[in-house]
Amino acid sequence: MRLLVVEDDEVIAKALKKGLEQEAFAVDVANDGKLGFDMGASEDYDVIILDLMLPNMDGITICNKLRSEENIQTPILMLTAKGNVEDKVKGLNSGADDYLPKPFAFDELLARVKALTRRPKQSLHTFIKVDDLWLDSISNEVSRGKEKIELSKKEFTLLTYLMRNKRKTISKQQIIDHVWDYDADILPNTVEVYIGYLRNKIDKGQENKLIKTIRGFGYRIG
């Protein structure tokens, strides 16, 4: 899943990016309010982590503009150094879905991000099933039938995206947009390579092949 972190404190931004990537998220970072708004309005993210105090455009304005002008409904977790009730109310009234005052524990932020991705309006669930293939987005466990499957973090992220869009044809560009960071160095055959990795672990030796290539269009699972 792909996240946007809008945070002008480079130390915090780098720490969040590193920690979230270790949890198998693809993470883009904007250190400026205007850039954060532009990225949030033009790219497709699963969650936006948004600081309240930012240069050039503050978090309240960004949130308001994304909701009212761009009709962006991506879940937003707002961060702020201020913990008073007034700031919390302003953040939630601007369209934020959750609020976390600084300083915060990374584990709490991670739990809140995962909770936002599981909200019913996005039809996201902890367990995803495609035929006899199961994926648990909380424990990061995958199994087919009774056999557990070990995946790398990037393989898990790719499989999660495919399974959340089961029986839909997903283009290579859509996969790149959701699975890799905006500034990642992606080679032309990177998606094909990782699809191959998944096939070797999920479909090898199976009579029913789940991952299908739709020539000229992309890939589909199920």
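Could you list the GluC sites (Glu not before Pro) in the stretch 51-91 that lie in coil according to DSSP, counting only those with at most 11 other Cβ atoms within 10 Å of their Cβ?
Listed in order of number, the matching sites are Glu69.
Using amide H atoms built 1.01 Å from N in the peptide plane, name the residues 5+ places from Met78, or on other chains, whose amide H lies under 5 Å from its own.
The list, which skips near neighbours in sequence, is Leu50, Asp97, Asp98, Tyr99, Leu100.
Just list whichever of Lys65/Lys114; Lys17/Lys90; Lys129/Lys212; Lys146/Lys212 have alpha carbons separated by over 20 Å in the model shown.
Too far apart for the 20 Å limit: Lys65/Lys114; Lys17/Lys90; Lys146/Lys212.
Between the helical axis of 59-68 and the dominant principal axis of the chain, each derived from Cα atoms, what acute angle in degrees is found, rounded to the nearest 10?
The angle comes out near 60 degrees.
Taking each pair of different alpha-carbon atoms in the stretch 2-121 once, compute 1/r for the pair, average those values, and report the inverse of that mean as the Kirkwood hydrodynamic radius in Å to one decimal.
After inverting the mean inverse Cα-Cα distance, the result is 13.9 Å.
Out of all DSSP beta bridges with both ends in the stretch 2-146, state the antiparallel percent to the nearest 5.
So the antiparallel bridges amount to about 30 percent of the total.
Under the 0.36 nm per residue contour assumption, what length would be gained going from the current alpha-carbon distance of Ala15 and Ser152 to full extension?
Gain on stretching Ala15 to Ser152: 47.2 nm.
Helix 106-117 against the longest principal axis of the chain: what's the angle in degrees, Cα atoms only, rounded to the nearest 10?
It is inclined by approximately 70 degrees.
For the chain, just the Cα atoms, rotate onto the principal axes and tell me the three extents in Å, largest first.
Here the spans come out as 59, 33, 30 Å, largest first.
Given an 8 Å cut-off on Cα distances and at least 6 residues of separation, report the relative contact order of the chain as a percent.
Once divided by the residue count of the chain, the mean separation gives 17 percent.
What distance in nm separates the two pseudo spin-label positions at Asn189 and Ser139, each 7 Å out from Cα along the beta-carbon direction?
Simple spin-label model gives 3.7 nm for this pair.
Quick check: residue separation of Arg199 and Ile214 times 0.36 nm, minus the Cα distance between them. What number comes out in nm?
Taking 0.36 nm per residue and subtracting the Cα distance, the gain is 3.9 nm.
How much FRET efficiency would the formula 1/(1 + (r/R0)^6) give for Ile176 and Glu86, where r is the Cβ-Cβ distance and R0 is 45 Å, rounded to 0.05?
Once rounded, the FRET efficiency stands at 0.60.
Hey, with R₀ at 41 Å, roughly what FRET efficiency would Thr169 and Thr61 work out to, going by the Cβ-Cβ distance, to 0.05?
0.60
Report, to the nearest 10°, how far helix 33-42 tilts away from the longest principal axis of the Cα atoms in the chain, using its own Cα long axis and a range of 0 to 90°.
That works out to roughly 40 degrees.
For the chain, which span is the longest to avoid every loop-located (per DSSP) member of trypsin sites (Lys or Arg not before Pro) having at most 16 other Cβ atoms inside 10 Å?
Longest run free of exposed loop sites: 1-81.
Rule-based calculations on the coordinates, nothing more; no lab input. Because the structure is predicted, anything quoted here is derived from the model rather than measured. Quick reminder, even Gly has a Cβ in these numbers, built from the backbone with ideal geometry, and neighbours come from all protein chains shown.
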